[in-house]
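Heads up, the thing below is written out as structure tokens.
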Ligand SMILES: C[S@@+](CC[C@H](N)C(=O)[O-])C[C@H]1O[C@@H](n2cnc3c(N)ncnc32)[C@H](O)[C@@H]1O
């Protein structure tokens, strides 16, 4: 079986066809409604960020107090929910790492690496440990297909040399280098409630999905005790049979820096409608320095978005984007608006916070696809601002109405994305808590 064959990667949902420059692209075989799961793929290898170590199980990523996790008695550096997770991790690769881990991580060759390279080194170690244990005789096993698929992924544009790795193995140095050359443009940041906590390898998802800055799908992660973390690709909106399915590799709001990231990290030029508009606009001016001028631009932005039928960034028609609004695409415009909103919300300046929130929502509507998580996260922040104002100072019907509206709108976005990440404390849980609390008003 060749892992590079399109047929092997066909599922009942999708198939691959050639892409002009990116080898292949993923096409919907059936129609998907918003919120449906297109692909579900278990992690082949993953590694927790150093800040998460001892807080999460190294096998299933369950978040737990360090007191309740059990340390591996061999290396004392890996933590597990219980014996089930420990035994699963042992079989899937830890036994190749355990005895060598502490001398490996304390060696000067590892210590001298930059932080991101340390993560790469640990992930590469985990990949090799797991691959070593994949039974080569089981040619048709899912694990073997996953490993062969990873080996056959497109290499990234930079040829950085592979970092030192932990497990003893029989792979030739060229193979290790080949595997490492797939890291930058294929690996995933694993997140819970949209905050990265680990890095991982999900070969089938990597092989299938290209990037778009106006994606029709997005990636989320499912955590189940005693199971490896699962990546799911979810439709953000209705997708018709025959449509290309794309996910965002990076936050589409990086309107200025994304071209360089695609070029250096992924080795392609993005030709999505959003990038075509940004290219047509050319030089993006900085936002006005004066408060009055900044507010005037915000007002213009809100007026434009209110009457806009479809975002020019989703149609690619740059003639519909007023050039006097070009400065809203400057990355410092979003950060300034977010800071205005957070500061006003924190200081209890309700009206000011709501003004900034309206402008931020308008900007998100312009640059993000519908149901993009950042849209929901902001609406939830707005709901919290309403709630804080109601309990701390003024209680008016208009604020209660705004709170209700925001909770409904935030819930709509997160219903599409569905449950993800840690079972507790996420946006969905926060929406429920606020909805319940609202009843006591
Ligand atoms: C995760 S892989 C995606 C699968 C890839 N198309 C393949 O055939 O293996 C990432 C690589 O795909 C290519 N790619 C992804 N999105 C692209 C796009 N929008 N345009 C051109 N190439 C793209 C780039 O070479 C990138 O480094």
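Here, each number is a calculation from the coordinates, and none is a lab measurement. Since the model is a prediction, treat every value here as computed from it, not as a measurement. Using ideal geometry, Cβ is built from the backbone for each residue, glycine included, and neighbour counts are taken over all protein chains shown.
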**Message:** Using only the alpha-carbon atoms, how far is helix 115-133 inclined from the longest principal axis of the chain? Give it as 0 to 90 degrees, nearest 10.
**Reply:** 50
**Message:** Place a point 7 Å from the Cα of residue 230 along the Cα-to-Cβ direction; which residues of the range 54-85 have their backbone N under 18 Å from it?
**Reply:** 59-63, 85
**Asked** Debye sum, Cα scatterers, the range 50-148, no solvent: what log₁₀ I/I(0) at q = 0.15, 0.21, 0.24 1/Å?
**Response** -0.67, -1.16, -1.30
**Prompt:** Tilt of helix 291-307 relative to the longest C-alpha principal axis of the chain, in degrees (0 to 90, nearest 10)?
**Reply:** 80
**Item:** Label-point gap, in nm, between residue 419 and residue 169 - each point 7 angstrom along Cα→Cβ
**Value:** 3.5
**Message:** What is the angle, in °, between the Cα long axis of helix 427-438 and the longest principal axis of the Cα atoms in the chain? Nearest 10 is fine, range 0 to 90.
**Reply:** 40
**Request:** State, to one decimal in nm², a quarter of the convex hull surface area for the C-alpha atoms of the range 7-247, i.e. the direction-averaged projected area.
**Result:** 13.5
**Rough spin-label spacing in nm, given labels placed 7 Å along Cα→Cβ, for residue 302 and residue 196** = 3.4
**Complete:** Reduced to Cα centres, the span from the range 367-383 to the range 250-318 in Å works out to 17
**Complete:** Checking rank on 104-115, 359-370, 189-200, with mean other Cβ inside 10 Å and highest first, the result is 359-370, 189-200, 104-115
**Length released on extending from residue 315 to residue 84, taking residue separation times 0.36 nm less the Cα-Cα span** = 78.1 nm
**Item:** Computed [θ] at 222 nm, helices only, for the chain once each DSSP H run of length n ≥ 4 contributes -39500 (n - 2.57)
**Value:** -13000 deg cm²/dmol
**Asked** What's the extension gain from residue 256 to residue 283 if we count 0.36 nm per residue and subtract their Cα-Cα distance?
**Response** 8.8 nm
**Item:** Protection proxy ranking of 11-23, 212-224 - average other beta-carbon atoms within 10 Å, highest first
**Value:** 212-224, 11-23
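What FRET efficiency comes out for the pair residue 160/residue 222, r = Cβ-Cβ distance, R0 = 30 Å, nearest 0.05? Don't skip to the end; give the middle numbers.
Working: r = 32 Å, r/R0 = 1.05.
Plugging the Cβ-Cβ distance into 1/(1 + (r/R0)^6) gives 0.45.
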**Prompt:** Which FRET efficiency, nearest 0.05, do residue 271 and residue 111 yield, Cβ-Cβ r, R0 30 Å?
**Reply:** 0.10
**Prompt:** Using a simple spin-label model with points 7 Å from Cα along the Cα→Cβ vector, what separation in nm is obtained for residue 412 and residue 238?
**Reply:** 1.5
**Message:** Show me the ranking of peptides 241-247, 123-129, 257-263 by mean Cβ neighbours inside 10 Å, starting with the highest.
**Reply:** 123-129, 241-247, 257-263
**Item:** the chain: translational diffusion in µm²/s, Stokes-Einstein, Kirkwood Rh over Cα pairs, 25 °C, 0.890 mPa s
**Value:** 103
**Fill in**
For the residue 33, residue 405 Cβ pair and Förster radius 30 Å, calculated FRET efficiency rounded to 0.05 is 0.80
**Prompt:** Using alpha-carbon positions, what is the distance between the centroids of the range 232-247 and the range 159-216, in Å?
**Reply:** 23
**Request:** Output the relative contact order of the chain, whole-number percent, from Cα pairs under 8 angstrom with separation of 6+ residues.
**Result:** 17
**Fill in**
Expressed as a whole-number percentage, the relative contact order of the range 1-120 with C-alpha contacts under 8 angstrom and at least six residues apart is 13
**Request:** Whole number please: convex hull volume per residue, Cα atoms of the range 259-438, in Å³.
**Result:** 142
